[in-house]
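The values are calculated or read from the model by the stated rules, or taken from the named source; none is laboratory data. Since the model is a prediction, treat every value here as computed from it, not as a measurement. When we count neighbours, we look across all protein chains shown, and the Cβ atoms used for this are built from the backbone with ideal geometry, even at glycine. The protein model used for the area step is the full one, side chains on, heavy atoms only, and it has no ligands, DNA or RNA in it. Shrake-Rupley method; radii C 1.70, N 1.55, O 1.52, S 1.80 Å.
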Amino acid sequence: MIAPITVALGDRSYDIHVGPGLLAVAGTLMLPLLPSRRVFVVTDETLEGLHLEALKESLDAAGIENHGVVLPAGEQTKSFAHLESLLDAMLEARCERSTTVVAFGGGVIGDLTGFAASVLLRGVPFVQIPTTLLSQVDSSVGGKTAVNTRQGKNLVGSFYQPRLVLADVDVLATLPPRELKAGYAEVVKYGLIDEPAFFDWLEINAAALLAGNRSASVRAVETCCRAKARIVGGDERESGQRGLLNLGHTFAHALEAEGGYGELLLHGEAVSIGLRLAFDLSVELGLCPPADRDRLLRHLSALTMPVDLPPLPDRSWDADRLVAHFGKDKKVKDGRVTFVLAHGIGQAFLSPDVPAEAVKSVLAAAILRVRGTSL
Ligand code: GLY
């Protein structure tokens, strides 16, 4: 069992546990942190059929009274409508300020539940039990909560830290392979930001991780959570370095907005393409050696991660339309988008003054590549 990782945020500090077999001891690990022996578990229909019973058994065994709600699986659940019905369900279940809300699921459940916990009775305690690779290495740590609106993803939300994060790598075994692979984009991101040795390790071990190897999973999730804890501990509200975690995401959010948040592109798949485009842009600006971009491209391609835009079913991609989405990014300041660029693998930095022509040229080249494949 590895030592817990602490996110150091003063009196809002908390631990992240990473390992196999954590669901079975979830009740025991949570108990010392609960203001009362009462929790409200939010999960989705997929988890209900797979792992909810194991979590409930663990809570029962620890003497923790548990109620909860099962929501539909999928990005559509991260909406105002579901937030309202979730809050209704919590109030109907007579949640009190001492009731701890548990998010048991992937990023959608974690973000929605965290937001609900932050506003229910002006804030109730909250625990994250992430069940996807993406949520274990990124979204469950750091307290970003949100719902999507018609203007874009994650535009309404709060910073609200959990009291505990339990990342049980055993649950990754039941993830659909496409979803596991999509989550890998958030894993490789940490190597690209500032951990080149982790990128070296991933070049050798990522295939085992994606094949479900348990020790590779523990090592990867642990490394990512340590990196995220360090970054969040230094910049909780993203006034600086936390922005590095958005590597690839400005492109990804635009691709998702154009692609329609559905089956065409999962979030992690959009991030995978976005990572490539961020390195393309860094090369285009003469800031990154092409060899580093090519190394990333080789790595992602060897894992059959997406690196090119998928053809849209009903129209062509359009660089201007993609650029228009950048303006809706949360990170826009005085109308300017801050991009995360890289001087090389493991050398990411924030750049608030990227020339629009360079961005357009990278997008135009990406669109030409799709046309090439769909002719
Ligand atoms: N997912 C990026 C962050 O938590 O800041």
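Any idea which of Val169, Val165 is surrounded by 22 or more Cβ atoms within 10 Å (Cβ to Cβ), within 15 Å of the chain's Cα centre (by Cα) and of a type in the set (A, V, I, L, M, F, W, C)?
Val165
Restricting attention to region 83-98, which residues are out of contact with any Ser or Thr (no Cβ under 7 Å at 6 or more places or on another chain), in contact (Cβ under 8 Å) with a residue 12 or more places away in the chain and open to solvent by 20 Å² or more (accessible area, probe 1.4 Å)?
Leu87, Ala89, Leu91, Ala93, Glu96, Arg97
Pairs needed: first member in region 56-82, touching a residue at least 24 places away in the same chain (Cβ under 8 Å); second member anywhere, part of a strand (DSSP E or B) and among the aromatic types (Phe, Trp, Tyr); C-beta distance under 7 Å; at least 6 residues apart or different chains.
His67/Phe40; Gly68/Phe40
If you take the residues in region 119-137 that are open to solvent by less than 20 Å² (accessible area, probe 1.4 Å) and in a helix (DSSP H, G or I), which one is farthest from the ligand (Cβ to nearest atom)?
Leu120
Of the conditions (1) outside any helix (DSSP H, G or I); (2) within 12 Å of the ligand (Cβ to nearest atom); (3) small (Gly, Ala, Ser); (4) within 21 Å of Thr132 (Cα to Cα), Ser239 satisfies every one except a single condition; which number is it?
(4)
Is it the case that Leu255 is part of a helix (DSSP H, G or I), open to solvent by less than 10 Å² (accessible area, probe 1.4 Å) and more than 16 Å from the ligand (Cβ to nearest atom)?
yes
Taking region 258-274 only, how many residues are open to solvent by 30 Å² or more (accessible area, probe 1.4 Å) and of a type outside the set (Gly, Ala, Ser)?
Counting residues in region 258-274 that are open to solvent by 30 Å² or more (accessible area, probe 1.4 Å) and of a type outside the set (Gly, Ala, Ser) gives 5.
Every residue, every condition in (1) at pLDDT below 95; (2) hydrophobic (A, V, I, L, M, F, W, C); (3) more than 20 Å from His249 (Cβ to Cβ); (4) open to solvent by 60 Å² or more (accessible area, probe 1.4 Å), yes or no:
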{"position": "Arg276", "(1), (2), (3), (4)": "no, no, no, no"}
{"position": "Asp280", "(1), (2), (3), (4)": "no, no, no, no"}
{"position": "Cys288", "(1), (2), (3), (4)": "no, yes, no, no"}
{"position": "Ala291", "(1), (2), (3), (4)": "no, yes, yes, yes"}
{"position": "Ala302", "(1), (2), (3), (4)": "no, yes, yes, yes"}
{"position": "Trp317", "(1), (2), (3), (4)": "no, yes, no, no"}
